[in-house]
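The next block holds one structure in the form of structure tokens; read it before the comments.
Read-outs throughout are calculated quantities, based only on the coordinates presented, and are distinct from any laboratory measurement. Quantities reported herein were computed from a predicted structural model and do not represent experimental measurements. Every residue, glycine as well, gets a Cβ built from its backbone with ideal geometry; the counts of neighbours run over all protein chains shown.
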Amino acid sequence: MCRLLLLLLLLAAAVPANASAAAAEPPPASAMAPWPEQYHAVVLTNLTARGGRLQVIDIYYDWPRGRDLNLVRLQLPGAGEPPLWNVEWANGTSYLFDAASCQTYTFAVGLLPPDWKKAGGGAAYLGRARVDGFDCHVWSNFVFARYYEDVATGRPVAWNFGMDLRHVLSFEPGGVLEDSSMWQAPAYCFDGSSNGDDGDAAGGVEAARAAGPI
Ligand SMILES: *[C@@H]1O[C@H](CO)[C@@H](O)[C@H](O)[C@H]1NC(C)=O
Ligand SMILES: *[C@@H]1O[C@H](CO)[C@@H](O)[C@H](O)[C@H]1NC(C)=O
């Protein structure tokens, strides 16, 4: 099946859960800190319950330059399971590619701004919960069904994207990926030679589940 379709289905599934979340109480000031304008996070997600595998995703969020990169790696990849790249731009255009194929798609919302918690941004504060051993402030917005942030340090602990809970293993404010070649979508994203229905390497579909706006 086409990865793009899977991705869009996931996104569609994610929206109603967020939209219906009602604010439990006004957020305390400590929950309101914006994201750093640039960060590098490493997140772990576990898709084994659905026939997938563990994934480690490197995220480089770069608001001043209007871009975000997700580099998705599977646990113990086989020969046909290359890393998957998802480069997103603030104008909403995203490129999802591996060593052989590419899809281009559009998110009307573009990137989440660092101050997405602010009133009017569509975010809802849902109170506190304990996640991965951390006491967390809980939010939802139009991208994350749930977003958990450590009360003590303000660092993100986990978030739900689609059906998956992503656990934040490291969070490095100011972490920037300078290497421009890492951001450049390959030529086959632009020449029409890959239409996305490429019969996927074994890891492709599962990796695509992990690709997301953040
Ligand atoms: C991943 O999920 C499976 C099935 O739910 C569970 O058995 C396994 O312990 C989990 N592994 C990790 C590292 O979370
Ligand atoms: C958005 O920006 C990217 C990167 O500069 C570019 O490749 C893409 O064509 C742009 N999309 C639109 C619709 O302008």
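With +1 on each Lys and Arg Cβ and -1 on each Asp and Glu Cβ, and nothing else charged, work out how big the dipole of segment 74-162 is about its Cα centre, in Debye to the nearest 20.
Values: 6 positive and 8 negative charges, 70 e Å.
Its charge dipole is roughly 340 debye.
Between the beta carbons of R155 and K118, assuming R0 = 25 Å, the FRET efficiency works out to 0.85 to the nearest 0.05. Extension gain for the segment A29 to A79, taken as residue separation times 0.36 nm less the Cα-Cα distance, is 13.1 nm to one decimal.
Can you tell me the length gained on complete extension of the stretch N91 to A108, counting 0.36 nm per residue apart and subtracting the Cα distance?
Values: separation 17, 0.36 × 17 = 6.12 nm, distance 0.80 nm.
Gain in length upon complete extension: 5.3 nm.
The trypsin sites (Lys or Arg not before Pro) of segment 109-174 meeting both criteria, a DSSP state outside H, G, I, E and B (loop) and at most 16 other C-beta atoms within 10 angstrom of the site's C-beta, are K118. For W116, the residues whose amide H sits under 5 Å from its own are W35, ignoring neighbours fewer than 5 places away on the same chain, with H placed 1.01 Å from N. May I ask you to list the trypsin sites (Lys or Arg not before Pro) in segment 34-101 that are in a DSSP loop and have at most 15 other Cβ atoms within 10 Å of their Cβ? Those that pass, being in a loop and sparsely packed, are R65.
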